[in-house]
Amino acid sequence: MGLDDKIKNAAQDIAGKAKEVIGEHRGDERLEAEGHKDQAAASTKKVGEDVKDVFK
């Protein structure tokens, strides 16, 4: 996994966590769900990149 990919995934994960917390604080279920979705997408990308790294 390249450094750029790691940075992008970390940024997406952090943004997702922020959306989740803000959504919880405001009572905005849509924003909270969007935060969960962003975190899951970042996690999925990381797993995919880790699998590619294993087979290099």
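The values are calculated or read from the model by the stated rules, or taken from the named source; none is laboratory data. Every value quoted in this text rests on a predicted model; they were computed, and no experiment measured them. In this analysis, Cβ positions are derived from the backbone assuming ideal geometry, glycine residues included, and neighbour counts consider all displayed protein chains. For accessibility, only protein heavy atoms count, side chains too; no ligands or nucleic acids. Shrake-Rupley method; radii C 1.70, N 1.55, O 1.52, S 1.80 Å.
What is the magnitude of the charge dipole of the chain about its Cα centre, with +1 placed on the Cβ of each Lys and Arg, -1 on the Cβ of each Asp and Glu, and no other charges, expressed in debye to the nearest 20?
Working: 11 positive and 13 negative charges, 38 e Å.
Rounded to the nearest 20 debye, it is 180 debye.
Round to a whole number: what % of the accessible area of the chain belongs to carbon and sulfur, probe 1.4 Å?
Working: 2480 of 4210 Å².
On the chain, the fraction of accessible area on carbon and sulfur atoms equals 59 percent.
Residues in segment 12-25 carry Karplus couplings, in order, of 5, 5, 5, 4, x, 5, 5, 4, 4, 5, 5, x, 4, 4 Hz; the curve used is 6.51 cos²θ - 1.76 cosθ + 1.60 with θ = phi - 60°, and Gly or Pro positions show x.
Largest GNM mean-square fluctuation across Asp13, Asp38, Asp28, computed for the chain with C-alpha springs under 10 Å, falls on Asp28.
For the chain, what does the helix formula give at 222 nm: sum of -39500 (n - 2.57) over DSSP H segments with n ≥ 4, over the residue count, nearest 500 deg cm²/dmol? Let's see the in-between values first.
Numbers: 2 runs with 50 residues, N = 56.
Counting only the DSSP helices, I get -31500 deg cm²/dmol.
Placing dummy labels 7 Å off each Cα toward the beta-carbon, the span from Arg26 to Val54 is 3.9 nm.
All other residues with a Cβ under 10 Å from the Cβ of Leu31 taken together, and with Lys, Arg as +1 and Asp, Glu as -1, what is their net charge?
Values: positive: Lys19, Arg26, Arg30; negative: Glu20, Glu24, Asp28, Glu29, Glu32, Glu34.
My count for the surroundings of Leu31 gives -3.
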